[in-house]
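Visitor: My questions all concern the structure below.
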Amino acid sequence: MSDTLFRQEAAEALQRKGAEHQPRRASAESGTGGDTNVGGIERLISVASGSALLLYGLSRRSAGGLALASVGGGLLLRGATGHCQLYSKLKISTSDASSKETRGIHVEKSITIGKSPEEVYQFWRNLSNLPRFMEHIKTVDVISATTSHWVAKAPAGREVAWDAEIIVDEPNERISWRSLPDSDIENAGTVRFLKAPGDRGCEVHVTLQYYPPAGVLGATIAKLFGEEPSIQITDDLRRLKRLLETGEIPTTEGQPHG
Amino acid sequence: MKALCWHGRNDVRIDNVPDPTILNPRDAIIKVTATAICGSDLHLYNAFIPTLMEGDILGHEFMGEVVELGSEVKNLQKGDRVVVPFTIACGQCFFCKKTMWSLCDNSNPNAGMAEKMYGFTPSGLFGYSHLLGGYAGGQAEYVRVPFADVGPYKVPEGLRDDQVLFLTDIFPTGYQAAENCDIQPGDTVAVWGCGPVGLFTIASAYMLGAERVIAIDRFPERLQMAQKFGAEVIDYEQVDVGSTLKEMTGGRGPDSCIDAVGMEAHGMTLDNLYDKGMQMARIGTDRPHVLRQAIMSCRKGGTVSLPGVYGGLLNMLPIGAAHAKSLTFKMGQTHVHRYLPKLMESIEKGKIDPSAIITHRVPLTEAPEAYAMFKNKTDGCVKVVMTP
């Protein structure tokens, strides 16, 4: 429930930036509702094999036959409607239609760190700390109490940069930010710091929304955030946890090898 | 330096590689004075553990002298003689604080890979595949030890390397396997596998108060060694293990069953041939013949403890029998740090001499031959200790 709330907040934060800077909303919130998520050929196969199974199953006149028939019926339905419940649950789509329209990148990730919410908030609020655990961020320069300049590493030695402002700052609880107009990457996000149960420390919940622009730069930025941006955010949060809990980030880079 | 590197199935070589250096503030460099080949190294040698790469330095049982320290290691000094737990632990995460050291959240640099396979990552290990950290191992002249302020344990004066070397893995592993059985007075414990871990499991079961220990293997020299540790023995090539255990325990079955064999069990039965076929076809990854037998043999309400390593997926596990008999399962890598002080003391007091299991001592340069000998169990090989 709360995740949806923060997703809306992130989108609204971008919309507030004014008409000349309309964010390109992701048209398909992928994997939800009754959308088409099964591709053309797969739908044909589903219809064909589903019909065959249904007929064969019914002709068996037994409990096993009935089970087969119901599987067949399910496949037939899936092929006919182009919607697969399992794919939907797994957030998979083999249909071109939805993936082409999805331009925004939305990520929600969390991690538990064995430090108090106060300690984790303090570390994060000092934005110049962020490049220590965000692998693709080169520098974050603090410009004022609420604004900062971000430089990210891009493939082939390129860089992308943007200015950001903090729009919500609730000490020890929550920070929200968004990029300022004319950014290479429009983005907005929220990080919440919740007390974890017992002596488990702090739950860090991050919600991020990116809208890479079209064209060459957009392609570069898409690469920058990889095939699966959620994995990069997971890795960044893991580095944050390790840095705060152990004072270092474990590595094997530079060790001997035969 | 010289190091034992993996080059493929049944192919390990001594290579010349660069010396390790301090990479993080809590690192130390150890000059290795003794290192051993572990039974679980054979899973790597046989290429049954995924994500090993050509050139990886193997070895997770090693000890030596501290020669270099990172800026944050305050509890060690150059020249200290230490044994190093094979599980790498940060000492500060939720799991380390609860002494579940082998579940450390922070020591596996490739945690993402392990999460894909296991849901969550266990701790990093020395020389045991990239899935479990990709750390260079200790079958080498020098080794880098991360979180050196937590792992390495100083060896008291007067103890030889070969007496304390096995505190790095197999002695604590056997001890944890027995401790996991919550042994009560009068208990009979059955142990499958009389390799080094099995032998230390037998010794530990008695240390923890077992009435009887019954050990199962097929190699005469291993069965003899098990007898020396006080166990009654069963040769599984001569008799049916399940019915023999039942008869030996007055029809009750052993109170606890310990699988000190793991994923590459050998056996004489149909299910074992099936597993072997599946494993060779890379359809199933593990051959759980021993585990099946342990589940079937265990008395109702008993414990099945698994110090033996499993890596992937099992076929045909009799989960119905386990459920019907209300069995308890205990497993996992060893929380070495938890047991080190207690077991070091038992050696110091002369209660046990771990060096009794050593059958071969060779220089590190002969490691490739030693691996082949240990794998094929030729020349009565039970445990090989190497010196760089």
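No value in this document is a laboratory result; all are computed from the given coordinates. Treat the numbers as computed from the prediction; the structure is a model and nothing was measured. Heads up, the Cβs are rebuilt from the backbone with ideal geometry, glycines too, and the neighbour counts pull from every protein chain shown.
Visitor: Listed here are the pairs A:K195/B:K74; B:K31/B:K377; B:K276/B:K377; A:K241/B:K342; which of them are more than 21 Å apart at the Cα?
Guide: A:K195/B:K74; B:K31/B:K377; A:K241/B:K342
Visitor: Here's a follow-up. Could you let me know the centre-to-centre spacing of segment B:92-141 and segment B:355-388, using Cα atoms, in angstrom?
Guide: 27 Å
Visitor: Other chains near B:103-115: what is the mean number of their Cβ atoms within 10 Å of each residue's Cβ? If you can, show how the numbers build up before the last one.
Guide: Values: counts 0, 2, 9, 10, 3, 2, 7, 2, 5, 5, 0, 0, 3.
The per-residue average across the peptide is 4.
Visitor: Stretch B:A47-B:N376 to full length: gain in nm at 0.36 nm per residue minus the Cα-Cα span?
Guide: On the way: separation 329, 0.36 × 329 = 118.44 nm, distance 1.53 nm.
So the extension gain works out to 116.9 nm.
Visitor: Across the residues of A:239-249, average count of Cβ atoms on other protein chains within 10 Å?
Guide: Values: counts 0, 0, 3, 8, 1, 1, 8, 16, 6, 11, 3.
Whole-number average of other-chain Cβ neighbours for A:239-249 is 5.
Visitor: Still on this model: State the Cα centre-to-centre distance between segment B:37-81 and segment A:236-258 in whole Å.
Guide: 17 Å
Visitor: Which FRET efficiency, nearest 0.05, do A:A145 and A:I249 yield, Cβ-Cβ r, R0 35 Å?
Guide: 0.75
Visitor: Which trypsin sites (Lys or Arg not before Pro) in segment B:92-171 pass both tests, a DSSP loop state and at most 14 other beta-carbon atoms within 10 Å? Write down the numbers at each step before the final one.
Guide: Numbers: sites: B:K97, B:K98, B:K116, B:R144, B:K154, B:R160; in loops: B:K98, B:R160.
For trypsin sites (Lys or Arg not before Pro) across segment B:92-171 that sit outside H, G, I, E and B with at most 14 neighbouring Cβ atoms in 10 Å, the list reads B:K98, B:R160.
Visitor: For the cross-link pairs B:K246/B:K349; B:K78/B:K228; B:K154/B:K351, which exceed 30 Å when the distance is taken from alpha carbon to alpha carbon?
Guide: Too far apart for the 30 Å limit: B:K246/B:K349; B:K78/B:K228.
Visitor: What residue among B:T121, B:T328, B:T173 shows peak mean-square fluctuation when chain B is described by a Gaussian network model with Cα springs under 10 Å?
Guide: B:T328
Visitor: Distance between the C-alpha centers of segment B:301-350 and segment B:163-237? Whole Å please.
Guide: 12 Å
Visitor: Once you place label points 7 Å from the Cα toward the Cβ at B:K228 and B:H7, how far apart are they in nm?
Guide: Roughly 3.5 nm, to one decimal.
Visitor: Using 1/(1 + (r/R0)^6) with R0 = 25 angstrom and r between the beta carbons of A:E165 and A:I231, what's the FRET efficiency to the nearest 0.05?
Guide: 0.35
Visitor: For a protection proxy built on the mean count of beta-carbon atoms within 10 angstrom, sort B:201-213, B:11-23 highest first, please.
Guide: B:201-213, B:11-23
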